[in-house]
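Right, one structure below, let's go through it.
Every number here is computed from the coordinates shown, using simple stated rules; none is lab data. Since we're looking at a predicted model, the values are computed, not measured. Using ideal geometry, Cβ is built from the backbone for each residue, glycine included, and neighbour counts are taken over all protein chains shown.
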Amino acid sequence: MSYALRRILLGLSGGQYDSQTALFVFGLAALPGAKVVCRLIRPMKDDPEVLMASGFTGAAFRHFIDSAERTAMELDAVARLALAQAHERHAGVSFDYRLPSSGDSYEFASQGWGADLVILAHPALMQLQYYRLVVEEAIIHSGRPVLLLPEVLPRDLLANVVFCWRYDSASAAAMAITLPLLRAAGKLTIISLRDSDDREEAVAEPLEYLQAHGVAVDHVLVDLVPRHADQTIDGYCAAIGASLLIVGGVMDSDLEDYVMTGAVRRVKGKPQRPVLIIG
């Protein structure tokens, strides 16, 4: 199943990275004429019953709720300014923006069902637990590729693409989903992750698939130690100056820990490149 880029779901944090993220996404949407659906990732309103059970009563309870609402409005103002600046640069891009009534993470993920691609700034840049939860829910439940952007954005997202290949159907499905991107890559490398049970020839079929679609590709075979997957994958991407890393089928393979823990929850330092995740 391939896709055409017609609708992008953009999650904004109301923080310092919204301006560059919005500008990047509007630029990405301009060429195919895609619409950008923008939503603020706001702090979650806790269940009143849970708050009261935890000792938040009377004035303290009201102060907590009012404080969360003021914070949301402040974040909303930053997000709106970022969108206005991005639209000024890319006036032809159609977009809409709404402030959600709550910070429910599944609500944002379900918005992805009406989009071709979900884009957010990498959660390591914000260090906010509620933001991380939204990113995780988007990866697991949006049913769409999720692009996480680093602090320093590449000039050309598809200049030097690395695709992680595992010998399984989830990787094959992810390759089909991202075929339009792979065809547009300036350079494409398949990094085949092999463990003790894999065969060297296991990558033959995907290479033939790409060649049949006119995609020139390099292939690198590496031994994977799950506990050191981050060093293996990130080290290779750094060595060749990858502009984008694509990791597919993460919820159905031993890459789940690498992506969900190493790349989302507990990142060591700021991410160095965009990563496109297909859950």
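The table below gives the values:
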quantity	calculated
Protection-proxy order for peptides 156-163, 119-126, each taking the mean of Cβ atoms within 10 Å per residue, highest first	119-126, 156-163
Net length gained if the chain between residue 218 and residue 205 were fully extended (0.36 nm per residue, minus Cα distance)	3.3 nm
Local electrostatic count at residue 141 - Lys and Arg +1, Asp and Glu -1, tallied over other residues with Cβ under 14 Å	-3
Proxy reagent accessibility, fewest Cβ within 10 Å first, across 87, 219	219, 87
For 165, 113, order by how many other beta-carbon atoms lie within 10 Å, fewest first	113, 165
Potential extension, residue 31-residue 158 segment - 0.36 nm per residue separation minus Cα distance	44.3 nm
Where N is the number of residues in region 76-216, Cα Rg divided by 2.2 N^0.38 Å	1.26
Shape call, region 115-176: gyration tensor on alpha carbons, a/c limit 1.5	oblate
FRET efficiency estimate (nearest 0.05) - Cβ-Cβ, residue 127 to residue 85, R0 35 angstrom	0.90
Förster radius 30 Å - calculated FRET efficiency between residue 71 and residue 270 (Cβ-Cβ, nearest 0.05)	0.80
